[in-house]
Amino acid sequence: MSGEDKTTHFGYRDVPEAEKAGMVHGVFSRVASKYDVMNDLMSMGIHRVWKDAMMDWLAPRPGQRLLDVAGGTGDVAFRFLKRAPGATAVVCDMTEPMLVEGRKRAEAEQLAASLDWVVGDAMALPFPSNSFDTYTISFGIRNVTRIPDALAEAYRVLKPGGRLMVLEFSQIPNDLMQKVYDLYSFNVIPVMGQIVAGDRDSYQYLVESIRKFPDQETFAGMIRQAGFAQVRYRNLTMGIAALHSGWKI
């Protein structure tokens, strides 16, 4: 198939690959101003626990340089900087309105001097090879058009000895619990999106995109295929989310 003929999923819809990035950009542009509020409501605040667990496993060290891709409003970068004196971070996101919200937060939390904000594509990062000690991406990789391309770019920009850490929604191993979670996701979250953000369709897409993302073992295999070593994962809250870790050796 030619590049123009290839398709990918946008939630449960098949769309041309060339169109997905623009559609995802539209989703996050529309929800940017309510993104953090909706994260708290949808997860009942548990996303904060997951991000703290990510930092616990990552163990940031003073002076490290972080690249947080699909970093949006800076949640993960802020946590990293607060744990690693003298560290610096670059937040890269394809959606400028998300970065604008993040800049406001950085100024409020007096972290602006340690942060750079860059509009960029996870599949074609605007950074030199071997530039970062750590690469993180949280709840973003499932929205990428070609996940293997994003993982290859993560490998490229990390220094030898650098670490990849991915936080993403995943699959609950227990079928009954997965069904209960699905009932909540499909019946509550889009309605919540309509009430809080005035946008049901964007949150319907976000729920569907979670179901299309590979399970824990499959995604771990994709990370290995990209060249990473010592690939491990940890389930969070029964597997609703998972942390995946890999090293550029």
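What follows is calculated from the coordinates using simple rules that are stated; it is not laboratory data. Quick caveat: nothing in here was measured; it's all calculated off a predicted structure. Heads up, the Cβs are rebuilt from the backbone with ideal geometry, glycines too, and the neighbour counts pull from every protein chain shown.
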Sites MET23 and GLU217, calculated FRET efficiency, Cβ-Cβ separation with R0 30 Å, nearest 0.05: 0.55
Evaluated at q = 0.16, 0.17 Å⁻¹: base-10 log I(q)/I(0), Debye formula over Cα of the chain: -1.27, -1.45
Sorted largest first, extent of region 100-207 alpha carbons per principal axis (Å): 43, 35, 22
For region 133-195, the spread of Cα positions along each principal axis, largest first, Å: 44, 30, 19
Highest to lowest packing among 89-99, 48-58, scored as the average C-beta count within 10 Å: 89-99, 48-58
Computed over region 26-88, Cα set: Rg, Dmax in Å: 13.0, 37
Local electrostatic count, HIS244, Cβ distance below 10 Å [Lys/Arg +1, Asp/Glu -1]: +1
DSSP loop GluC sites (Glu not before Pro) with at most 16 other Cβ within 10 Å excluded, longest remaining stretch of the chain: 110-249
Of the DSSP H helices in the chain, those whose Cα atoms cover at least 20 Å axially and whose Kyte score averages 0.5 or more: 175-197
